[in-house]
Amino acid sequence: MRSCPVCNSSNRKDLWKMPFLVPDGWTNPEYIQWVKCECGMIYGDNPAITQEDYNVYYDQKYGFGVTDENSTTRLRERVAYVAMTHDKSARIVDFGGGDSIFSQDLISLGYKDTHNVGCYDSMPDDVDVILASHVLEHIYDVDEAMSKITNALRRGGTFIVDIPDAGLMATDKPIGMPILDFHQKHINHFRALDLLRLAERYGFELVATNAYLERMGCGCRVYYFVKNSNLIADESYIYVMNNAKLKVHALKELCNQPVCVWGCGDIALHCLAVHWPNVKYFVDIDPAFRGATIKGLPVYDKPIDDLPIVINTQSQKKNLLEYIKSLGIKNRIIEI
């Protein structure tokens, strides 16, 4: 019995069985038992089938009519992404894609360290980018494939996955798809949640994902992951700290000059917590601050004297400056 490709559990519920005629001598299953794991993943099983049977089928019988205008456009979009994010020294693998446009276009752009790797072939080491474009839904032994991908990809490397979105397809029910994606070849029906759980189990962090339609309006999704990385946390930290440091420096340049601060947003309150200049009072028209004090200083709804006004805001700066101008306030404005 096949365990869940997402969580490895064997606790599942049988949904329905679909029989198929199989050409003589072919290694396809004569039926697929569709099941739902306790985690929610829907997948197909047949105890008489192995990954090797699927390997033989895909090696000997599969591929006719796979390339069309939709898939060509998709693969060229992935080429553009790689060209934008990686230099030409990058080692790139098209996993399970055959001799596709993805590899051909990258080579034509000067990416020489580009490889086409079958799902059952060995992988190069220290790979920078692995593309699995409409592959994972075909694979019986997902753990074997994910282990191979994870071991080959360097830390911080990029893993790009294109896959049918089971949630989108089931709810939209594209015209001309009477059995949707439930056939002999697509035996893993990933919702977005399922794919994210699988990726997390193997140490991948999501960078971005987008939904799109392909062939007959089938709902699909692309995911961009990084391996074993704190990329989002690290990039956020660097960006926030660098910008906050500049603003704190500007506050320090006020020296001991008396000022009022207009705007009690988070960025202002953070920077003032790091460095406290000679603030005499605050101004904010948000009713939440009516009657409030900060460090014992009152918050007014307009300036009470001609002190310079310090403004340290994010999205509301333009609106705030226009509002101050509309009131005819003549105080000097210091933008932080």
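What follows draws every value from the coordinates through simple rules; no lab data is involved. This structure is a prediction, so every number in the text was calculated from the model and none was measured. FYI the Cβ positions are ideal-geometry reconstructions off the backbone, even for glycines, and counts take in every protein chain you see.
Each part gets one Cα centre, and for the range 262-281 versus the range 282-336 those centres are 11 Å apart.
Here the sum of -39500 (n - 2.57) over DSSP H runs of 4 or more residues, divided by the residues of the chain, equals -9500 deg cm²/dmol at 222 nm, to the nearest 500.
A protection proxy built from the mean count of other Cβ atoms within 10 Å ranks the segments 156-165, 138-147, most packed first, as 156-165, 138-147.
Structure note, pairs Lys61/Lys227; Lys88/Lys148; Lys247/Lys302: Cα-Cα distances above 28 angstrom occur for Lys61/Lys227. Relative contact order of the chain: 11 percent, from C-alpha pairs under 8 Å at least 6 residues apart in sequence.
Modelled this way, with points 7 Å down the Cα-to-C-beta line, the labels at Phe20 and Asp125 are 3.8 nm from one another.
Scattering from the range 65-229 was approximated by placing one identical point on each alpha carbon and applying the Debye formula without solvent; log10 I(q)/I(0) at 0.11, 0.12 1/Å stands at -0.42, -0.50. For GluC sites (Glu not before Pro), the sites in the range 211-313 that DSSP calls loop and that have at most 12 other Cβ atoms within 10 Å are Glu253. Of Asn242, Asn230, Asn151, the residue with the greatest mean-square motion in the GNM of the chain, using alpha carbon springs below 10 Å, is Asn242.
Beyond 20 Å, the tail of the calculated P(r) for the range 233-335 holds 38 percent of the Cα pairs. Each label point was placed 7 Å from the Cα along the Cα-to-Cβ direction; for Ala80 and Val66 their separation is 2.4 nm. The long axis of helix 51-60 is offset from the longest Cα principal axis of the chain by roughly 80 degrees. Between the helical axis of 142-152 and the longest alpha-carbon principal axis of the chain there is an angle of about 60 degrees. In plain terms, the bigger the Kirkwood radius, the slower the diffusion; for the chain, with that radius from Cα pairs, at 4 °C and 1.567 mPa s, Stokes-Einstein puts D at 54 µm²/s.
Once the Cβ-Cβ distance between Arg154 and Leu193 is put in as r, and R0 is 30 Å, what FRET efficiency do you end up with, to the nearest 0.05?
Step by step, r from the Cβ atoms, then E = 0.65.
Beyond 20 Å, what share of the Cα-Cα pairs of the range 1-150 remains, rounded to the nearest whole percent? Working shown, then result.
Details: 6315 of 11175 pairs.
So the pairs more than 20 Å apart make up 57 percent of the total in the range 1-150.
Each of Ala292 and Asn319 was given a label point 7 Å from its Cα along the Cα-to-Cβ line. The distance between the two points is 1.6 nm.
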